[in-house]
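Engineer: Before anything else, here's the structure in question.
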Amino acid sequence: QIVYLNGSYMPLSEARVPVLDRGFIFGDGIYEVVPVYEGHPFRLAHHLKRLKRSLAKIRITNPLDDAGWTQLIDELVRRHPQWPNQVVYMHITRGVAKRDHAFPENATPTVFAMTNPFTPPTLESIGEGLSVISVPDERWLHCDIKSISLLGNILARQTAVEAGAIEAVLFRDGYLTEGASSNIWVVKDGKLLAPPHDNLILEGIRYELMEELARRSGIPFEARRISQDEVRNADELLLTAATKEVKPITRLDGQPVGKGVPGPIFHKLFAAYQEAKA
Ligand code: PDD
């Protein structure tokens, strides 16, 4: 496996970052995850836009322009022809500096990227759908930044795993925010609902995409605050993320969601997603 680190391509086993890197010391950095289907990065322009937004919000100068990022991704993908579908991870930290919370005067950002094989979900692999649990959202108030500091997300996800569930659905003050590493969607009376994309959630690249797919499929969409009761009484619950695409949630806290099987709106949006990829 070949990875990219600070301008060079090298085997993963040779990639080294100094221990004083602020990513290691403080979690001071941001990341992106882009799915690549048969050599083609999916919604790359959207991912690069979000990457720039995340960098700007934590005041790191973008180390590459769009052409540079595109070339980097293409090169990583090209070097792994054995993997038909891949998922590219990009990671930028504020760089290496003497430990001090305040920004260093002149650190150079650390840029790391890798690609891994990726098996897109199929209706067969999705089967009866996912089981999730509700977990209080104990994260900070800038969840819109795709920060590498993920302790809140990690602890929530681990709580889910230990309960035999696949994902933690997070609630802040009684309202749905998102999953530990996904966006969550509610279907009620044929309508698709999502929490507003404010500072309390990461605006997934699939957030805007789902709006588009809903429109194309004739499904009304509304972004608004969604209470925990509404989530419990949903007809369908869906989850989206780069490597999950769109999946049905059929059990919440051990109880069936709606009829407890993947529903008609899921099937429509799954089909529309496959079309969008083609
Ligand atoms: N996670 N919300 C959170 C907290 C996430 O971590 C993710 C994705 C999403 C969905 O965003 P997108 O549609 O752009 O994948 C929402 C990635 C995949 C990860 O951390 O690996």
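Quick note: the coordinates plus some simple rules give every number you see, no bench work behind them. Given the structure is predicted, the values throughout are model-derived calculations rather than measurements. Ideal geometry is used to build each Cβ from the backbone, glycine not excepted, and the neighbour counts take in all protein chains shown.
Engineer: Loop-only trypsin sites (Lys or Arg not before Pro) in the range 234-263, please: DSSP not H, G, I, E or B, and at most 13 other Cβ atoms within 10 Å.
Structural biologist: Passing sites in the range 234-263 are LYS259.
Engineer: With a/c under 1.5 counting as rounded, go ahead and sort the range 1-99 into rounded, prolate or oblate using the C-alpha gyration tensor (a ≥ b ≥ c being the square roots of the eigenvalues; past the cut-off, prolate if a/b is larger than b/c, else oblate).
Structural biologist: oblate
Engineer: On to the next question. Note down the nm distance, to one decimal, between modelled labels 7 Å out along Cα→Cβ at LYS277 and at ASP229.
Structural biologist: Reported label-point gap for LYS277 and ASP229 is 3.9 nm.
Engineer: Would you mind checking the pairs LYS188/LYS247; LYS52/LYS268; LYS191/LYS247; LYS52/LYS146; LYS188/LYS268 and listing those with alpha carbons more than 22 angstrom apart?
Structural biologist: Too far apart for the 22 Å limit: LYS52/LYS268.
Engineer: How much of the pair distance distribution for the range 97-241 lies past 20 Å, counting alpha-carbon pairs only, in percent?
Structural biologist: For the range 97-241, the fraction of Cα-Cα distances above 20 Å is 56 percent.
Engineer: Another one. May I ask for the longest run of the chain untouched by GluC sites (Glu not before Pro) that are loop-located per DSSP and have at most 10 neighbouring C-beta atoms (other than their own) within 10 Å?
Structural biologist: 106-278
Engineer: What is the P(r) of the chain, as percent of Cα-Cα pairs per 5 Å bin from 0?
Structural biologist: 1, 5, 12, 15, 17, 16, 14, 9, 6, 3, 1, 0
Engineer: Counting pairwise Cα distances across the range 156-255, what percent come out greater than 17 angstrom?
Structural biologist: So the pairs more than 17 Å apart make up 48 percent of the total in the range 156-255.
Engineer: Ok, one more. Would you mind counting up the charge near ILE154? Only other residues with Cβ under 14 Å from its Cβ, with Lys and Arg at +1 and Asp and Glu at -1.
Structural biologist: -2
Engineer: Quick check: the angle from helix 44-57's long axis to the longest principal axis of the chain, C-alpha only, nearest 10 degrees?
Structural biologist: Long axis of 44-57 versus the principal axis of the chain: about 70 degrees.
Engineer: So what is the calculated 222 nm ellipticity per residue for the chain, using -39500 (n - 2.57) for each DSSP H run with n of 4 or more, over all residues, to the nearest 500 deg cm²/dmol?
Structural biologist: Helix contribution divided over all residues of the chain: -8500 deg cm²/dmol.
Engineer: Just flag the trypsin sites (Lys or Arg not before Pro) in the range 1-100 sitting in loop per DSSP whose Cβ has no more than 11 other Cβ atoms within 10 Å.
Structural biologist: For trypsin sites (Lys or Arg not before Pro) across the range 1-100 that sit outside H, G, I, E and B with at most 11 neighbouring Cβ atoms in 10 Å, the list reads ARG16, ARG59, LYS98, ARG99.
Engineer: For the range 172-228, state which trypsin sites (Lys or Arg not before Pro) are in a DSSP loop and have at most 15 other beta carbons lying within 10 Å of their beta carbon.
Structural biologist: The qualifying sites are ARG224, ARG225.
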